[in-house]
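The values are calculated or read from the model by the stated rules, or taken from the named source; none is laboratory data. Please read these numbers as outputs of a predicted model, since none were measured by experiment. Heads up, the Cβs are rebuilt from the backbone with ideal geometry, glycines too, and the neighbour counts pull from every protein chain shown.
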Amino acid sequence: MEALKASIVMPAYNAGAYIEQAILSILEQTVSDWELLVVNDGSTDNTAAIIDKFAATDSRIKPIHQANSGKPSIARNIALRQAHGDNICFLDADDVWLPTKLSSQLAVLDNNAAIDVVFHDSLYIDQNGETLPGSYLANVKFLERAASYVSKKDELYIGGERFYAFISAYQSSLSTQSIMFRRSLLADEPYWFPEDMDIGEDIDLWFRLVQKSRVVYIDQCLCQYRVHPTSITKNNERFKLGFIKAHSINFERAKLQLNSVEQRAYRQRIAKECAHLAYFYRRQGKNRLAREYYWKSFRLIPAPAQLLNWLKVWLYSAK
């Protein structure tokens, strides 16, 4: 099959309330040389019917129906195996792209052979599609924090050789809805999205791709991320467990490339999440888990406060 400009991967599970808007936002793109691989992951609502309705009228939309896997990583990997586009990008079934998303990113990759990964900022919307204040990267002052790791050329920000160190130690920055990369990058990866993870599997892949690639940031909001109670990142425990696992793996991968300041910053970043998770378990009365994560936090950064918290939980459990 002749290669397309872009393969779009969309996992979907019981997304009937939003998936039509997501697909329409792809159909409204200002470029048409794409394929959409939609993985219906065993939905029990009308998700399959909506996907099939669109596929019946547009051959670029390719449904993949399967039994529920329970993990976006499995659904995304299945789609990647069937992708034919020169470049890969993603849209979750409850989110929305703005019309120039594809054209803006494809222009960067088409005109810069040395660039392999490009990403952008994202707006927030609520359940009803109303825009919320701020944006993902502006809210965390990305450009200010990354100033010494990027250089501006025209309207683009080019990640330097140490940009991987920045996203590891300070701010992950890339999101599933914002990234586009050359499909050729996947060829020498031993695995793509790790299927033993249900949160953090995306950033695990982004870390590995950025580690070996040149990256460009477009300072525009080109997608809308929907915030609602059923978002997977609303589950505080699962989110923190996924964060800790993904970043702990990456710390071992990255530490030889980080200077001493970046190494300490990265340990502090992981230790903070361990301490937050420990406090969560302590409030839940799960004292064994609270002790475990206070101790992990202390081992990363030997802060007296975390050792004291560990002792308090241990003494309370002994009563």
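Looking at region 255-290, which of its residues are among the acidic types (Asp, Glu) and in contact with a Phe, Trp or Tyr (Cβ under 7 Å, 6 or more places away or on another chain)?
273
Within region 252-319, which helices (runs of 4 or more DSSP H) (wholly inside it) include 2 or more residues that are closer than 28 Å to residue 164 by Cβ and among the polar types (S, T, N, Q)? Outline the logic, then answer.
On the way: elements: 260-283, 287-300, 304-318.
Where helices (runs of 4 or more DSSP H) fall fully within region 252-319 and carry at least 2 residues being closer than 28 Å to residue 164 by Cβ and among the polar types (S, T, N, Q), they are 260-283.
With the condition being surrounded by fewer than 18 Cβ atoms within 10 Å (Cβ to Cβ), touching a residue at least 12 places away in the same chain (Cβ under 8 Å) and in contact with a helix residue (DSSP H, G or I) (Cβ under 6 Å, 6 or more places away or on another chain), I'd like the strands (runs of 3 or more DSSP E) fully within region 116-175 carrying at least 3 qualifying residues.
Hits in region 116-175: none.
Residue 285 versus (1) surrounded by fewer than 21 Cβ atoms within 10 Å (Cβ to Cβ); (2) touching a helix residue (DSSP H, G or I) at 6+ places or on another chain (Cβ under 9 Å): which is the lone unmet condition?
(2)
Does region 201-218 include one or more residues that are hydroxyl-bearing (Ser, Thr, Tyr), at pLDDT 95 or above, buried (at least 22 other Cβ atoms within 10 Å of the Cβ) and in a strand (DSSP E or B)?
Taking every residue of region 201-218 in turn, at least one turns out to be hydroxyl-bearing (Ser, Thr, Tyr), at pLDDT 95 or above, buried (at least 22 other Cβ atoms within 10 Å of the Cβ) and in a strand (DSSP E or B).
Any idea which residue in region 8-44 is farthest from the chain's Cα centre (by Cα), counting only those that are among the hydroxyl-bearing types (Ser, Thr, Tyr) and more than 15 Å from residue 101 (Cα to Cα)?
Among residues in region 8-44 that are among the hydroxyl-bearing types (Ser, Thr, Tyr) and more than 15 Å from residue 101 (Cα to Cα), the one farthest from the chain's Cα centre (by Cα) is 44.
Filter the helices (runs of 4 or more DSSP H) completely within region 1-111 down to those with at least 1 residues that are crowded, with 23+ Cβ neighbours inside 10 Å, charged (D, E, K, R) and assigned by TED's automatic domain parsing to the domain that holds residue 204.
Passing ranges, in order: 72-81, 101-111.
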